[in-house]
Number of protein chains: 4
Amino acid sequence: MYEAKPEHHFTFGLWTVGNIGRDPFGNPTRQPLSAPYIVHKLAKLGAYGVNLHDNDLIPIDATSGERDQILRDFKKALSETGMKVPMATTNLFGDPAFKDGAFTNANARIRGYAIQKAMNAMDLGAELGAKTYVFWGGREGAEVDAGSNTLNALEYMREAMNFLAEYSEDQKYGYKFALEPKPNEPRGDIYFPVVGAALAFIYTLDKPDLFGLNPEVAHETMAGLNFVHAVAQAIDAKKLFHIDLNDQKMGRFDQDLRFGAENIKQAFLLVKLLEDTGYTGMKHFDAHALRTEDEAGVWDFAKGCMRTYLILAEKVKQFHADSEIKALLEHYHFKDPIVSGLTAKFSRDNAANLKAHTFDRAALGARGPGLERLDQLTMEVLLGTR
Amino acid sequence: MYEAKPEHHFTFGLWTVGNIGRDPFGNPTRQPLSAPYIVHKLAKLGAYGVNLHDNDLIPIDATSGERDQILRDFKKALSETGMKVPMATTNLFGDPAFKDGAFTNANARIRGYAIQKAMNAMDLGAELGAKTYVFWGGREGAEVDAGSNTLNALEYMREAMNFLAEYSEDQKYGYKFALEPKPNEPRGDIYFPVVGAALAFIYTLDKPDLFGLNPEVAHETMAGLNFVHAVAQAIDAKKLFHIDLNDQKMGRFDQDLRFGAENIKQAFLLVKLLEDTGYTGMKHFDAHALRTEDEAGVWDFAKGCMRTYLILAEKVKQFHADSEIKALLEHYHFKDPIVSGLTAKFSRDNAANLKAHTFDRAALGARGPGLERLDQLTMEVLLGTR
Amino acid sequence: MYEAKPEHHFTFGLWTVGNIGRDPFGNPTRQPLSAPYIVHKLAKLGAYGVNLHDNDLIPIDATSGERDQILRDFKKALSETGMKVPMATTNLFGDPAFKDGAFTNANARIRGYAIQKAMNAMDLGAELGAKTYVFWGGREGAEVDAGSNTLNALEYMREAMNFLAEYSEDQKYGYKFALEPKPNEPRGDIYFPVVGAALAFIYTLDKPDLFGLNPEVAHETMAGLNFVHAVAQAIDAKKLFHIDLNDQKMGRFDQDLRFGAENIKQAFLLVKLLEDTGYTGMKHFDAHALRTEDEAGVWDFAKGCMRTYLILAEKVKQFHADSEIKALLEHYHFKDPIVSGLTAKFSRDNAANLKAHTFDRAALGARGPGLERLDQLTMEVLLGTR
Amino acid sequence: MYEAKPEHHFTFGLWTVGNIGRDPFGNPTRQPLSAPYIVHKLAKLGAYGVNLHDNDLIPIDATSGERDQILRDFKKALSETGMKVPMATTNLFGDPAFKDGAFTNANARIRGYAIQKAMNAMDLGAELGAKTYVFWGGREGAEVDAGSNTLNALEYMREAMNFLAEYSEDQKYGYKFALEPKPNEPRGDIYFPVVGAALAFIYTLDKPDLFGLNPEVAHETMAGLNFVHAVAQAIDAKKLFHIDLNDQKMGRFDQDLRFGAENIKQAFLLVKLLEDTGYTGMKHFDAHALRTEDEAGVWDFAKGCMRTYLILAEKVKQFHADSEIKALLEHYHFKDPIVSGLTAKFSRDNAANLKAHTFDRAALGARGPGLERLDQLTMEVLLGTR
């Protein structure tokens, strides 16, 4: 029970379990792990696949001979284990060239280099079978808005997205693109800071159907926003292409904690939303073990992420099966077919009849929705005392 | 100099200068001011107009006789002063009936009542000449997501927006609708919490052209997001229909401070964005005097809002005229027509040539953009030492 | 099981279960409940006592006849139920006189009135048997620091605390005073914003032994601080005189949610700290039912607070009894008696020997503390899957 | 004008102007600068001195020969320029050995190593003439409170502080110790997160007189607290031993921006507090140039920090000389000698007379303090329009 299997579609990034524990104030605490080693370890833990940035696998300055050898070894590990590479992405943040942005840089040459690098990385991803291509614009932001690049940046980003979408189609890569928003860090302010902003931007692109979202728990939480609401809006717009699961305290640096480690209740509500709406995509744990941990801690971390998801999925079933909860939900979702009939769609008649309808304002205000009780029962489902 | 005139399009809400200083922990500190009195006072200070919720002017339980008398008095004040009512909106948050939402309430009857109330308020606004209709969904949110209303809420909101847009067209009111996002307070989490979320939602409506944004400094700042970036995205999407100017510290309750009172630099960058892009709409000060103040403080507050805007607008001109700043901006926006030619639009040739192009990665990373200097000069323009 | 009893020392304020659901944007959603009614209801739910501000019980403008009658009725309810009034406090925030502060007001007359009101409220509390007297300085803060009152405010606060402590001793009231910090709201910034600030201030008073802390989950959490750490510091300093339990999301308005409603893990760690250190004081639920609820929701809320505490206390026992957790804790708290002998206390010899000691820096850095595993097991204790 | 001179007591850390621009997502963007080079550059810009962690100057694995050579070169630069080293500190955060804490580590051996390293670093600082010794406990915190180290950590920290204070006295180093609080990053939660917490802790030490504070703008601001209030409390307690000037947006990662770059108004109020209270200590700019910048940007940054301070100090004089501001301040600080006589000190008579005093509550509530006007005038002093 609660054991991960490939059918659960759990994935990790090479950069997540491979994180070496360097932070702004300290040196690495763990040794690098080779990509094939990671593949084998994750396969044993029941993961479905592994995702990567171009430079997670191929160093930015690798010769083509080195590249070939690395790829051979990696593919061998994939084939030995049955692990997939469902998603790929480009590192457009690590190199000093991107220090002030990649696609949105005020320097035309850097924008060109970023698109070049992304094309190459898309080639790599396609070779590995990836069908989802993520754009996380870690450096696409600013500290100095007096630079007057804000409106340009939006235009530059659009150019890049339009260009790369056509490149993908021209190459018949079949990619779906998933934008991953983040409010800040490493930049003072990142463009498209939250799910809504990225979603809105998609509608201004040439081929909006190719683009969707890769929301991340920690990123939306950094801005103190309700992640479940954000994912719901993506689902409502049919734009949930991928999801990054982890955890985070509000209003602080990007923590990338083990899924569920901080906010169990929100994790439950998120799993509930995904399960209730039949999400079948990848559940990617974009997190890493605490910097305090050694390699054993890394695998404890990875197991914990998946196990917590499965425990919560079980609790979702229990929630739905609970008759007292069911009754509370029915009470809460009060129906009135006559009124609903009038509001469902505008017509001159509906408007007139609705205007003429008498509502008992005081009664509407007095009715209790039963939410304290519902919330407490939910908590007890979580705590296992129900 | 720095004196407000109607041509500046400064507006206030009846509820802003009329705020009586009640807060969650204390009773009112100021007497209510009548609407005609407010109109006359604001006219003297150089405002262009005054905005209102239905119940700012007409109490929710007024008889039709009372309503008519109030309207007569108010119109008289408008006509005596030349003041306009450019924007109107509905109070869908004050009455207990809306305690768990209005358009998005889980109770069908309350959703119906909310649409009815909005139609009536649109009638009132139209009668007063308003052309912009704002929706601020103060109660459209949740504390208990276990209520499982999140996806429904998006659907309900869409129904209401579609209905009211058709109502407006049917009545030939000519309204443009402006959505006003806010992340939280009074609800634990409000749906469409930030500019991006509201903007994205518009694209799912039946008549997206009728809908745009009414962003507010304080609301976006509560979530710690960069307001200038948010407004820029609205402008980029041609959706800046109205704007609410005030100020706020990040990560706390809705403060609605005097424009510029907290973050002078951001206020400057915002004025710069509005002036640089030729925004001609209303600049609405959705703020109120500190609760500590008496009526004299209220008018000091109102004058301060407008005066600060005009001072900053003057500094925008100075910024653009500064030759050292101009040179820094030119250095920053580095051009490369060859590369730009390749990235502007995808073609198989452009992609191939871009892939073949050699970029000097180290040189790109080494170049300094001069942003510390630019930022310091900006600050000195602000401080008046330049 | 999980049923509250007086011996658990659970208390509520008249203002908590009596909260009428008014907020900055909306009118009350619930009717006021009389104090005797509250006493009887809470007694039935198993509470130990009820706390109050002077004006929760006696309106600020009551005649002495009204006061006497109210007091008689209230005492009758206490005596019928065996309920206690362990804590009392003064409302120094509701009246407009205190709009810019009470004890710290820049106006000498208001400072005087505040002390007068506090003496009277202390008389009332003493008459009801209260032994803990709380100071929550809701209005002791500022929005405009240019007023140059910041240093004065600290001096004024000290004067007031010193005065009232002597008054208590002179009257032989036997009060212990508990300061309750809060970072903001209703003021832009409140003085003594967090536990540490209030604790530090105590050491500057004439009679520091009489003063301690009343920390509140929601208040410390508003500033994004770790509440468990704050309470630990109060315990370390022997200054945990009282505690306010509730819940809150970080970085937003004061939510006063049901205990455990937001952050189950922190609630558990807090209960663990209180139980592990043998805290025997009052556990006061300074929270209120959601504004959406009717009266039934209020009592669901009250029951939920206590029940959740008792469930978590049970889980603390389970945590301590878990042998795998025990082993992980032993591994984590690595002992080295020789080194500990050197560092426990300075002596010239200890310093010399410590300087001469060879530490294997690489080995110290390589060792894994096992925290990911420990944290996951803790979570599973919480989720009931262990 | 606005030119820095040694008498202004401006200092920088080797690690600040020497920052190479590495962050969690990217590699260094700048070359390291040698310590002597930094000393010469800062001297030319008018700084008073330069501060250091042990390993800023001497690599953690330097041989004693290397150490001696480095020291000789550094001292030569100091003597050529007249620059001082007024403050020193220990790097107890960079090495993996400290990944889970130094003085507060659950591992006794690491606690021992940390004290050893601090003694050696104190020897180095003393040799360079430092008189202030700073403790910033960057790693003294936790992500997993289930480790049950919270109370121990406070005890361990006390042991270390007591030990090192005695070591300093024994060695006749004459150090004053300054604790530097920070709420989080690199740890999830750092112990002694804010000024108040560190200040309170000092009173529990064996030799509290040797200990004070080194508050930092960015650190207190990360928690959304009012830094001016925090510094005022430190001054009130006579514990402002050193100060770190920089800037920061609330609720996000540690930005260490150029002084005044984010919040001009708070920077002004801080300079006002320091100047008004005659602070003569070091004004240390614990900040760094944006990662986007090259070396020229670094020196622009350093100049900007000092120049902004001097501009603001000039504006403080202007604020005090402004007669309208003076009048507003007098109105605000309302005096009543009779009431003040009663509240200044408790006596039975004073209490009785104060209780008997009649206050006109309504009048007290109605009076306007004039704060909107005062705040607007302050802003205009800042903007140079006054």
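Worth a mention:
- For beta carbons closer than 6 Å, sequence separation of 6+ or different chains, a first residue in region D:103-132 that is under 26 Å from residue D:12 (Cα atoms) and a second that is in a helix (DSSP H, G or I) and of a type in the set (S, T, N, Q), the qualifying pairs are D:115/C:343.
- Among the residues of region B:150-180, none is identified as open to solvent by 40 Å² or more (accessible area, probe 1.4 Å), within 20 Å of the chain's Cα centre (by Cα) and among the aromatic types (Phe, Trp, Tyr).
- Residue under evaluation residue D:279, criteria (1) buried (at least 24 other Cβ atoms within 10 Å of the Cβ); (2) more than 24 Å from residue C:188 (Cβ to Cβ); (3) of a type outside the set (A, V, I, L, M), criterion not met: (1)
- Candidates are the residues of region A:184-198 that are among the hydrophobic types (A, V, I, L, M, F, W, C) and open to solvent by less than 10 Å² (accessible area, probe 1.4 Å); the one that is farthest from the other protein chains (Cβ to nearest Cβ) is A:190.
- Test for residue D:320: is it within 7 Å of another protein chain (Cβ to nearest Cβ), over 17 Å from residue B:384 (Cα atoms) and surrounded by fewer than 18 Cβ atoms within 10 Å (Cβ to Cβ): no
- Test for residue D:104: is it β-branched (Val, Ile, Thr), over 20 Å from the mean Cα position of the chain (by Cα), at pLDDT 95 or above and open to solvent by 10 Å² or more (accessible area, probe 1.4 Å): no
- Single residue of region C:134-149 satisfying the filter (in a loop (DSSP other than H, G, I, E, B), facing chain D (nearest Cβ under 8 Å) and not polar (S, T, N, Q)) that is least open to solvent (accessible area, probe 1.4 Å): C:144
- Number of the condition not met by residue C:20 [criteria: (1) of a type in the set (A, V, I, L, M); (2) over 27 Å from residue B:99 (Cα atoms); (3) in contact with a Pro (Cβ under 9 Å, 6 or more places away or on another chain)]: (2)
- Residues (in contact with a His (Cβ under 8 Å, 6 or more places away or on another chain) and hydrophobic (A, V, I, L, M, F, W, C)) located in region A:244-261: A:245
- Of all residues in region C:254-304 being of a type outside the set (D, E, K, R) and touching a Cys at 6+ places or on another chain (Cβ under 7 Å), the one that is farthest from the other protein chains (Cβ to nearest Cβ): C:285
- Any hit, region C:221-232, residues being touching a strand residue (DSSP E or B) at 6+ places or on another chain (Cβ under 7 Å) and either closer than 14 Å to residue C:177 by Cβ or open to solvent by less than 10 Å² (accessible area, probe 1.4 Å) (or both): yes
- Scanning region A:373-386 for residues that are under 16 Å from residue B:148 (Cβ atoms) and acidic (Asp, Glu) turns up just one, A:375.
- For region C:122-133, filtering for residues that are part of a loop (DSSP other than H, G, I, E, B) and open to solvent by less than 10 Å² (accessible area, probe 1.4 Å) leaves 1.
- Residues in region B:115-133 that are within 9 Å of chain A (Cβ to nearest Cβ) and touching a helix residue (DSSP H, G or I) at 6+ places or on another chain (Cβ under 6 Å): B:115, B:116, B:119.
- Residues in region C:214-224 that are within 20 Å of residue D:220 (Cβ to Cβ) and in contact with a Leu (Cβ under 8 Å, 6 or more places away or on another chain): C:215, C:223.
- Positions within region A:235-244 being out of contact with any helix residue (DSSP H, G or I) (no Cβ under 6 Å at 6 or more places or on another chain) and either part of a helix (DSSP H, G or I) or within 20 Å of residue A:306 (Cα to Cα) (or both), in sequence order: A:235, A:241, A:242, A:243, A:244
- Some residue of region B:358-381 being of a type outside the set (Lys, Arg), more than 11 Å from chain D (Cβ to nearest Cβ), in contact with a Phe, Trp or Tyr (Cβ under 6 Å, 6 or more places away or on another chain) and part of a helix (DSSP H, G or I): no
- Residue match in region C:199-214 (condition: in contact with a Gly (Cβ under 7 Å, 6 or more places away or on another chain), more than 14 Å from residue C:89 (Cβ to Cβ) and among the β-branched types (Val, Ile, Thr)): no
- Residue in region D:303-313 that is part of a helix (DSSP H, G or I) and farther than 27 Å from residue A:189 by Cβ present: yes
- Consider region C:19-37 and keep the residues that are away from chain B (no Cβ under 14 Å) and in contact with a helix residue (DSSP H, G or I) (Cβ under 6 Å, 6 or more places away or on another chain). The one that is surrounded by the fewest Cβ atoms within 10 Å (Cβ to Cβ) is C:36.
- Boolean, residue C:225 is in a loop (DSSP other than H, G, I, E, B), within 25 Å of residue A:264 (Cβ to Cβ) and in the same structural domain as residue C:10 (by TED's automatic domain parsing): yes
- Inside region A:336-355, residues that are assigned to a helix (DSSP H, G or I) and facing chain B (nearest Cβ under 9 Å) make up a count of 11.
- Pairs where the first residue, in region A:292-305, is without any contact (Cβ under 8 Å) to a residue 12 or more places away in the chain and the second is among the polar types (S, T, N, Q) and in a helix (DSSP H, G or I), C-beta under 7 Å, 6+ apart: A:300/C:376
Condition check ((1) more than 7 Å from every other protein chain (Cβ to nearest Cβ); (2) in a strand (DSSP E or B); (3) on the phi < 0 side of the Ramachandran plot) across all residues:
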| site | (1), (2), (3) |
| --- | --- |
| C:151 | no, no, yes |
| C:161 | yes, no, yes |
| C:172 | yes, no, no |
| C:179 | yes, yes, yes |
| C:182 | yes, no, yes |
| C:200 | no, no, yes |
| C:206 | yes, no, yes |
| C:209 | yes, no, yes |
| C:220 | yes, no, yes |
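- Scope region D:38-54; condition farther than 14 Å from residue D:289 by Cβ and surrounded by fewer than 20 Cβ atoms within 10 Å (Cβ to Cβ); matching residues: D:40, D:43, D:44, D:46
- Residue selected from region C:181-221 under the condition over 25 Å from residue D:226 (Cβ atoms) and not acidic (Asp, Glu), by the criterion nearest to the chain's Cα centre (by Cα): C:210
- Evaluated against (1) surrounded by fewer than 24 Cβ atoms within 10 Å (Cβ to Cβ); (2) in contact (Cβ under 8 Å) with a residue 12 or more places away in the chain, residue D:252 falls short on exactly one condition, (1).
- Residue that is nearest to the chain's Cα centre (by Cα), among those in region C:222-253 that are within 14 Å of chain B (Cβ to nearest Cβ) and basic (Lys, Arg): C:249
The values are calculated or read from the model by the stated rules, or taken from the named source; none is laboratory data. Fair warning: this is a prediction, and the values are worked out from it, not measured in the lab. Heads up, the Cβs are rebuilt from the backbone with ideal geometry, glycines too, and the neighbour counts pull from every protein chain shown. Keep in mind that these areas ignore ligands, DNA and RNA; they rest on the heavy atoms of the full protein, side chains included. Shrake-Rupley method; radii C 1.70, N 1.55, O 1.52, S 1.80 Å.
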